[in-house]
1. Efficiency by 1/(1 + (r/R0)^6): what FRET value for Ala185 and Asp80, r their Cβ-Cβ distance, R0 = 22 Å, to the nearest 0.05?
2. Let me know the Kirkwood hydrodynamic radius for segment 101-247, please, with Cα pairs as the basis and the value in Å to one decimal.
3. With θ taken as phi - 60° and the coefficients 6.51, -1.76 and 1.60, list the Karplus ³J(HN,Hα) couplings across segment 33-42 in order, rounded to whole Hz; mark glycine and proline as x.
4. With only alpha-carbon atoms in the gyration tensor, what are the semi-axes of the equivalent ellipsoid for the chain, in Å, largest first?
5. Can you compute the modelled spin-label distance between Ala3 and Arg39, with each label point 7 Å from Cα toward Cβ, in nm?
6. Could you work out which residue, out of Glu47, Glu158, Glu110, moves most in a Gaussian network model of the chain, that is, has the largest mean-square fluctuation with Cα springs under 10 Å?
7. Subtracting the Cα-Cα distance from 0.36 nm times the residue separation, let me have the gained length for Asp126 to Arg228 in nm, one decimal.
8. Looking at the chain, send over the antiparallel percent of its DSSP beta bridges, to the nearest 5.
Amino acid sequence: MSAILLAPDKFKGSLDAAAVTDALAAGIADVDPGRPVRRCPVADGGEGTVAAALAAGWEPVTTATTGPTGAPLTAVWARDGVSALVELASTAGLAVLPGGERAPGGAGTEGLGTVLAAVLDAGCTDVVVGLGGSATTDGGAGLLRGLGARVLDAGGAEVGRGGAALARADRLDLAGLHPRLRDPAVRVRLAADVDNPLLGPHGAAAVYGPQKGADAAGVAALDDALARWVRVLAAATGTDADALAAA
């Protein structure tokens, strides 16, 4: 008898991928009790990406970090030898906002940087970061801070958390960046299912800001702040971030 393969993603806002798989398997068992079922929940880089790797036999690892608004939390990432899978949603996602209260201008990605630092400290050299489910629009500034960089204003003070604070960004100091990121043996890849520029009407703030709680004025302010951040990044790295898109 042939088996049925169940490989669903989550039903966002309803069930995670594992629960969808369980529900489908239960329905099959009701109508065809002898039918073998193989379960393989999948994910798209957002919530459930780490869970899918764990279901496939990867090892869970926990790291103490912070959430999108700075509250402490414990994140789980997946490891298979020198390979690691990290999920932005578990540290900077909508699902981990305290009380579910959205903070479109103040939420940041520092917690993801902390987890990535732990992954690098653990000796992993092949790292995949799932980018979906974010509560933030900070252009990765918090991520860099979590990895040891500093984002400074014109007076040399650290700017605050979140995308809105980037309106004051003047300089990116990479001197303290995690040293293993300069190791040619270390590869960090991004997992996403979208293809967007950073700025403009199809950019991060315009397309995703409203789902994170930003109104029209907030979207415009975030887009302006990200444009400033692009200039700061270019001065520090020589790369125009607005010319890049997730693929």
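A short reminder: the numbers here are calculations on the coordinates, not readings from a lab. This is a predicted model, so every value here is computed, not measured. Don't worry about glycine lacking a Cβ; one is built from the backbone with ideal geometry, like all the others, and counts go over all protein chains shown.
1. E between Ala185 and Asp80, to the nearest 0.05, is 0.85.
2. Result for segment 101-247, one decimal place: 15.6 Å.
3. x, x, 6, x, 10, 10, 10, 8, x, 10
4. 35, 21, 15
5. Rounded to a tenth, the inter-label distance reads 1.3 nm.
6. Greatest mean-square fluctuation among the candidates belongs to Glu158.
7. Length gained between Asp126 and Arg228: 33.6 nm.
8. Working: 17 of 30 bridges.
Around 55 percent antiparallel, to the nearest 5.
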